[in-house]
Amino acid sequence: MKPELNIYELVLFFKVTLTEEELKTKIDRYQSLLTTNGSQVMIKIKGKTSLAYPIKKFDTALHVVITYLGNGALIKQMNTEIQRDESILRAITTKLEQELIPTELINV
């Protein structure tokens, strides 16, 4: 990966119609994409979550948070993969400030 790495948090809301195995496969695919590009990854599966408003006719979603090291090129690549994945209802990427970095990523 290129220099100028920052820490990003990717929040994914998957359709609740996915089975546990399908969700695990999708998460593994995104983790593999990130680690193949030299990133460090931390994943939290938050489970089912009620949505504030319906998204694509779903009132609940499977909530997953991926925290990773990256740059603009990696984010662009992730966004392309996310747009192709029909099981994702919504995806939000935010850059974390240095003070908000999880200690698990600092100590790796």
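The values are calculated or read from the model by the stated rules, or taken from the named source; none is laboratory data. Predicted model, so just to flag it, every value in this text is computed and none were measured. Here the Cβ positions follow ideal geometry from the backbone for every residue, glycine too, while neighbour counts run over all protein chains shown.
Taking segment 1-49 as the range and being touching a residue at least 60 places away in the same chain (Cβ under 8 Å), outside any loop (DSSP other than H, G, I, E, B) and hydrophobic (A, V, I, L, M, F, W, C) as the test, the residues that pass are Ile7, Leu10, Val11, Leu12, Phe13, Phe14, Met42. Look at (1) modelled with pLDDT under 95; (2) outside any strand (DSSP E or B); (3) surrounded by 15 or more Cβ atoms within 10 Å (Cβ to Cβ) and you find that Leu69 fails only one, number (2).
Summed over segment 50-66, the residues that are β-branched (Val, Ile, Thr) and either within 23 Å of Lys95 (Cβ to Cβ) or assigned to a helix (DSSP H, G or I) (or both) give a count of 3. Screening the candidates Ile43, Ile27, Ile7 for the property of being at pLDDT below 95, among the hydrophobic types (A, V, I, L, M, F, W, C) and within 15 Å of Thr67 (Cβ to Cβ) yields one hit, Ile7. Restricting attention to segment 90-97, does a residue exist that is at pLDDT 90 or above, assigned to a helix (DSSP H, G or I) and within 12 Å of the chain's Cα centre (by Cα)? There is no residue in segment 90-97 that is at pLDDT 90 or above, assigned to a helix (DSSP H, G or I) and within 12 Å of the chain's Cα centre (by Cα).
Rundown of residues vs (1) surrounded by fewer than 17 Cβ atoms within 10 Å (Cβ to Cβ); (2) under 16 Å from Thr80 (Cα atoms), yes/no style:
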residue	(1), (2)
Asn6	yes, no
Glu9	no, no
Tyr30	no, yes
Ser39	no, no
Ile43	yes, no
